[in-house]
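Beneath this line is the structure, given in structure tokens, with notes to follow.
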Amino acid sequence: MQTQKKATKPFSNKGSIIEKKPQFQFAFEKENYLWMIIGVVVLAIGYILLIGGGSDNPNEFNYSLFDTRRLVIAPILIVAGLIIEVYAIMKKAKKDKTNKE
């Protein structure tokens, strides 16, 4: 007659199984997210500066459409915000100098 061995549960503690929880890691470091927030704020300021310049009366032309704010400053801020976003994504985290592996 063959005897069957009972399968023992690994990591058992009085009948309950202890499972290791997977460690969750973010895609970026804290500094990257900070740069992303700065980039979004710069983009938002650039788009806010583009607002306006319209006319209430369609028969009148409003020359404030061609302000320096709308033609120069706002586009520069939008491009700067996009560059900051690319930098935030591409920036690598600094390696810990004390933990050399």
Checklist outcome for this item: For the stretch 49-67 the number of residues that are without any contact (Cβ under 8 Å) to a residue 24 or more places away in the chain and outside any loop (DSSP other than H, G, I, E, B) is 4
Checklist entry - Do we find a residue being in a helix (DSSP H, G or I), at negative phi and aromatic (Phe, Trp, Tyr) anywhere in the stretch 81-92? => result yes
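Yes or no, residue by residue, for (1) at pLDDT 90 or above; (2) charged (D, E, K, R):
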residue	(1), (2)
VAL40	yes, no
LEU43	yes, no
LEU50	yes, no
ASP56	no, yes
SER64	no, no
VAL79	yes, no
ASP96	no, yes
LYS100	no, yes
Checklist entry - Name the residues in the stretch 68-90 that are surrounded by 16 or more Cβ atoms within 10 Å (Cβ to Cβ), free of Cβ contacts under 8 Å to residues at least 60 places away in the same chain and of a type outside the set (Val, Ile, Thr), would you? => result ARG70, ALA74, LEU77, GLY81, GLU85
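The values are calculated or read from the model by the stated rules, or taken from the named source; none is laboratory data. What you see is a predicted model; the values in this text were computed from it and never measured. Note that each Cβ is placed from the backbone with ideal geometry, even for glycine, and that neighbours are counted across all protein chains shown.
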